[in-house]
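Asker: Got a structure here, written out as structure tokens. Questions coming.
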Amino acid sequence: MSWDAKDIGLLTRLWSAGQSAAQIARRLGCSRNAVCGMLTRQGLKRGHKPPTARPKIRPSPKLRPTSAACVRPAVKKVSPNAPEKRQPKLSKQQLYEILAEAVKNTG
């Protein structure tokens, strides 16, 4: 949109009267972003409302100093239920022999 002096004058009057950028845009027949851009270029600002809530700023909790054991990360995590020794890998033939022996002992 090309802004002439008449449009800019209407923009400033409507803005100072308290109309929103969307209302002004509808009146001028342009987009809201065009109105916001021109307001910025003209240096027109709306007064900001003071904050309604007054938050209390609490001091952060004091942290205990860490011991030397906690400074380095653990290299390996070990669960309490983990077996101490891993079972050896068995071949397919060895598994068949164990299974055949188990069947022979149960029947």
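The values are calculated or read from the model by the stated rules, or taken from the named source; none is laboratory data. None of the values given here were measured: they were computed from a predicted structure. When we count neighbours, we look across all protein chains shown, and the Cβ atoms used for this are built from the backbone with ideal geometry, even at glycine.
Asker: It is to be established whether one or more residues within the stretch 90-101 are within 30 Å of G18 (Cβ to Cβ), modelled with pLDDT of 65 or more and part of a loop (DSSP other than H, G, I, E, B).
Answerer: no
Asker: Okay, next question. Can K76 be described as part of a loop (DSSP other than H, G, I, E, B), of a type in the set (D, E, K, R), at pLDDT below 75 and surrounded by fewer than 10 Cβ atoms within 10 Å (Cβ to Cβ)?
Answerer: So K76 passes the test.
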